């Protein structure tokens, strides 16, 4: 057997064959498979390392993306960030395997990048669908005015200060300034609520306000994103258009939730009638993708539709079963999003050793400052609560996480954000997510006695 | 509010806006989302309808694909089957939404088709990974010689008769003839075992032989496919190369199963150490995609690698948990494969009213005849068993199902199969899958008494 192989290998050994036209499609698939393997390994290494150091896994996935991407290893790079075929280590591996011509490699690189980008976009659609499935609308109604005010202040202050600062101090044009300002708005529910539950503060008055505000913040953030991204497409800020967009995004979200109440029953009925495999998950994805399509088609955002679809299906009896089935799909697709967001950014543009980068660095510092201070002030917007830990509420609102990354991704794809602004937003997301957990522990620890007494007050409140 | 919208809608209503360069990427996503919605709806309608009529759901998904594809509705069409942007109903919808130029539409059509094709390929990779996870190697060893002989005869006869017939009778060139002959080899485990269990014959002697042979058949079929697809790439049949390919495919499959025994423990250890979300499914996909990558990189097939990965992970303690998590992912990706295989074929090339189609029709009839007779004879290869229902065994081996479709898909993608041959294979798969269940019921029904007595003999055998 071994003799047979060695005797025939020179003329037919496939590694030496030159690719023909018909081999093009399988090579794109080879590239996609290798990219996915690299992305998954990076996401797991980063996520686990981050968890060991007591930071949220998503932070590690993002940083792992930065490491394998345009900033460092060049394993996974994209044409949008100015890379060409020969910059990509994966394309070089394909070249080694198949001995391809430069033209073929360029088209393979483009096709493969396109496919990975769409997979990442499907990942963020499913992420928002899942966030929608997990946000309980009825819970929100309980949290009440305090959370709403904290959320609105937490959106308005960073957005206003960020946009105005960029335009007036740094002379950034209106559209990118608005986009970057908007990227400062959304608080990450996941990160904050995880830290709060770790330090046993999730059910405290402060914890309830923070989580409620973070949920409302996410919804406001997605509406802001839809509006801002649509502005970016037309390229000009027209007050009438802004009003139209805010109204249409709000109407779309609230309208689909209201219409969803009727659709809910049909959905459960359909899932019960179907008897082939995927009787629940396929109809759910038809709905989520259709809503995402509508969101895109009316020039808002696909994720707005997916989020609305999640909110609607959250109201059905099938919620738990659906949650369970969406989980593995999200586990497979969502990391592609986080890692590629990291991979697409080139942190080299903020290298302090290069003099031209100085302005970008100053802008970046400014954005991070606004991102932190703009959320800390929210604690002082809480009214009628004596003895509340205002600083803890403000710090709890700091981490940006997923939605901030969605802003960065969409801003880059649409060409609105230049490289320094894009890198500044990513650094802002990394730093806010990085700083919030230890500071949250510190503030709550410092005021532990205060909290204990607040708890007693609350229990007295509940006992009444 | 309503007044505000109507007063501003003429200048800003997005449906009338002309797309700019930066909108290109979101429109590809819009097209992908809409295609997926159409594909999922078709798969569920077809699958459920097929189940109601007592046929396997996969048959309905395939026929639904034919209906929405190049043969009829043109909802989902592909450049490979000669379609251009204006042939696609989905692209026309995108054009209506965004008022795009013909050039933009062409590139959107190509990108979108590429993405859907890769999703379908990921679907078939996961399908084979799942089949691997479900095929128990130890079970196979029990079925023994009878099943092995039935499997080998059932691969050799249709392959030999099909290839020789196409070359000698119809003067088809060697490579397409071999490819079409190979497409006749694999029996579908799923369909046969489902029908057998429905009529209570799964545990009969005939049932055991059929299922065992179908499992071996699938493995042989995948090896044949890897060899034949590789031949198709080089474009010539070289005996030394054929031997090299058979040896390398077999070594790859058996080698990975043997090495897998060591890898198994590390895999379970890794899954146990990881504590972030996706701790089981992401390592499993890293392994499956890496094996698929290797399969592609050594110029065999990605699905061979995925199948081997499934066989390996089937041996771990995590099998059940993994099975459960792969299911929803397969439910979402596998239908894309079945529907697009149907959508890519143009049954119009076999329209009997067009005189030029006559040869294609005759070839098609010949292939279907070989496909049926070549499997029926396998019943008579069973030796040393008196009173066994040989016809039932032969008929049980007829349905082709998934692996036959994989042949058609790969043959089309590589350009080996021309349109009539491709359509003939699809019709062969549809007809064999369609005919086997009723005939199986009939033969087993007719010989019910014979079977009863055989059962008694078997029980006596076991009692000994």
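Quick rundown of the values:
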{"item": "Residue within the stretch B:287-305 that is without any contact (Cβ under 8 Å) to a residue 60 or more places away in the chain, within 13 Å of chain A (Cβ to nearest Cβ) and farther than 25 Å from residue B:232 by Cα present", "result": "yes"}
{"item": "Selection within the stretch A:29-45 - more than 9 Å from every other protein chain (Cβ to nearest Cβ), closer than 13 Å to residue A:64 by Cα and either touching a strand residue (DSSP E or B) at 6+ places or on another chain (Cβ under 6 Å) or in contact (Cβ under 8 Å) with a residue 40 or more places away in the chain (or both)", "result": "A:38, A:39, A:42"}
{"item": "Residue within the stretch B:399-412 that is farther than 16 Å from residue B:176 by Cα, in a loop (DSSP other than H, G, I, E, B), assigned by TED's automatic domain parsing to the domain that holds residue B:154 and in contact with a helix residue (DSSP H, G or I) (Cβ under 6 Å, 6 or more places away or on another chain) present", "result": "yes"}
{"item": "Scope the stretch A:390-405; condition surrounded by fewer than 24 Cβ atoms within 10 Å (Cβ to Cβ) and in contact (Cβ under 8 Å) with a residue 12 or more places away in the chain; matching residues", "result": "A:391"}
{"item": "Residue satisfying all of: in the stretch B:46-62; buried (at least 24 other Cβ atoms within 10 Å of the Cβ) and more than 7 Å from chain A (Cβ to nearest Cβ); modelled with the lowest pLDDT among these", "result": "B:56"}
{"item": "Residue match in the stretch A:228-240 (condition: at positive phi, in the same structural domain as residue A:320 (by TED's automatic domain parsing) and modelled with pLDDT under 85)", "result": "yes"}
{"item": "Some residue of the stretch B:6-20 being at pLDDT 80 or above and within 7 Å of another protein chain (Cβ to nearest Cβ)", "result": "no"}
{"item": "Residue match in the stretch B:369-380 (condition: in a loop (DSSP other than H, G, I, E, B) and buried (at least 22 other Cβ atoms within 10 Å of the Cβ))", "result": "no"}
{"item": "Helices (runs of 4 or more DSSP H) (entirely within the stretch A:86-180) containing at least 1 residues that are within 30 Å of residue A:320 (Cβ to Cβ) and in contact with a helix residue (DSSP H, G or I) (Cβ under 9 Å, 6 or more places away or on another chain)", "result": "A:102-134, A:137-170"}
{"item": "Filtered residues of the stretch A:244-269 (kept if at the interface with chain B (Cβ under 9 Å from one of its Cβ atoms) and free of Cβ contacts under 8 Å to residues at least 40 places away in the same chain)", "result": "A:244, A:247, A:251"}
{"item": "Residue in the stretch A:326-349 that is nearest to residue B:119 (Cα to Cα), counting only those that are more than 12 Å from chain B (Cβ to nearest Cβ) and surrounded by fewer than 21 Cβ atoms within 10 Å (Cβ to Cβ)", "result": "A:347"}
{"item": "Test for residue A:394: is it farther than 30 Å from residue A:79 by Cα and assigned to a helix (DSSP H, G or I)", "result": "yes"}
{"item": "Residue match in the stretch B:440-461 (condition: surrounded by fewer than 19 Cβ atoms within 10 Å (Cβ to Cβ), assigned by TED's automatic domain parsing to the domain that holds residue B:155, in a helix (DSSP H, G or I) and modelled with pLDDT of 80 or more)", "result": "yes"}
{"item": "Unique match (being more than 18 Å from the chain's Cα centre (by Cα) and either crowded, with 21+ Cβ neighbours inside 10 Å or not in a helix (DSSP H, G or I) (or both)) among A:323, A:317", "result": "A:317"}
{"item": "Unique match (being at pLDDT 85 or above and within 18 Å of residue B:124 (Cβ to Cβ)) among B:374, B:342", "result": "B:342"}
{"item": "Residue within the stretch A:94-101 that is closer than 23 Å to residue B:120 by Cα and in contact (Cβ under 8 Å) with a residue 40 or more places away in the chain present", "result": "yes"}
{"item": "Some residue of the stretch A:234-243 being within 9 Å of chain B (Cβ to nearest Cβ), outside any helix (DSSP H, G or I) and under 21 Å from the mean Cα position of the chain (by Cα)", "result": "no"}
{"item": "Leading residue by the ranking (surrounded by the most Cβ atoms within 10 Å (Cβ to Cβ)) among those in the stretch B:264-291 that are more than 28 Å from the chain's Cα centre (by Cα) and either outside any helix (DSSP H, G or I) or modelled with pLDDT under 85 (or both)", "result": "B:276"}
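The rows are residues; the columns are (1) within 23 Å of the chain's Cα centre (by Cα); (2) at pLDDT 90 or above; (3) under 30 Å from residue A:32 (Cβ atoms).
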residue: A:354; (1), (2), (3): no, no, no
residue: A:358; (1), (2), (3): no, no, no
residue: A:364; (1), (2), (3): yes, no, no
residue: A:369; (1), (2), (3): yes, yes, no
residue: A:386; (1), (2), (3): no, no, no
residue: A:396; (1), (2), (3): yes, no, no
residue: A:399; (1), (2), (3): yes, no, no
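The values are calculated or read from the model by the stated rules, or taken from the named source; none is laboratory data. Treat the numbers as computed from the prediction; the structure is a model and nothing was measured. Because the Cβ atoms are built from the backbone with ideal geometry, glycine has one as well, and the counts that use them run over all protein chains shown.
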